[in-house]
Amino acid sequence: MAFTVYYLDDEVGLCHVFREFLTSMDIDVKTFIDATEAIEICKHSAPDLFFIDYRLKDTTGDVVAKAVSKDIPKILVTGELIAKEQHLFVDVINKPFRLKNVASVIQKYRV
């Protein structure tokens, strides 16, 4: 069974980099720039890991984290010093992030 990762960020360039990097690691990845779309997709097809940017155009990452199943492990991606509801996430990656940090987090949760 394939390992699936979702990545939500309103920065298209970061979505592209994330997708290319994870694809090279033989991971199924889907990126989103729209929080509503990501939430809807999660209702029908849950990823193994969900990376969520904190500052989005119309909402914040903690709102998205609350809107999806508690069973989905969520990774907060943030440039903020302290996110309001960091307890909703199993891990945090600080922006600007390095791809090796992303790979390290994935290795923790990849079975």
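The values are calculated or read from the model by the stated rules, or taken from the named source; none is laboratory data. Every value quoted in this text rests on a predicted model; they were computed, and no experiment measured them. Positions of Cβ are generated from backbone atoms using ideal geometry, with glycine treated the same way; all protein chains shown enter the neighbour counts. What goes into the accessible areas is simple: the full protein's heavy atoms, side chains included, and nothing from ligands, DNA or RNA. Shrake-Rupley method; radii C 1.70, N 1.55, O 1.52, S 1.80 Å.
Can you list the lysines whose alpha carbon is less than 21 Å from that of Lys30, not counting same-chain residues fewer than 8 positions off?
Lys43, Lys57, Lys66, Lys70, Lys74, Lys95, Lys100, Lys108
Tell me the mean residue ellipticity at 222 nm calculated for the chain from its helices only (DSSP H runs of n ≥ 4, each -39500 (n - 2.57), averaged over every residue, nearest 500).
-11000 deg cm²/dmol
Using a 1.4 Å probe and ignoring any ligands, DNA or RNA, find the accessible area of Thr60 and quote it in Å² to the nearest 10.
30 Å²
Skip the ligands, DNA and RNA, and give the accessible area per residue of segment 1-93 with a 1.4 Å probe, whole Å².
54 Å²
Expressed as a whole percent, how much of the Cα-Cα distance distribution for the chain exceeds 18 Å?
In whole percent, the share of Cα-Cα pairs in the chain beyond 18 Å is 42.
Suppose every K and R has +1 on its Cβ and every D and E has -1 on its Cβ; what is the size of the dipole of the chain about the Cα centre, in Debye to the nearest 20?
The calculation lands at about 320 debye.
Over the chain, what percent of the accessible surface lies on carbon and sulfur atoms, probe 1.4 Å?
After summing per-atom areas, the C and S share lands at 51 percent.
Using DSSP to define loop residues, name the trypsin sites (Lys or Arg not before Pro) in segment 27-75 whose beta-carbon has at most 10 other beta-carbon atoms within 10 Å.
Here the trypsin sites (Lys or Arg not before Pro) that fit, given the DSSP loop and packing criteria, are Lys57, Lys70.
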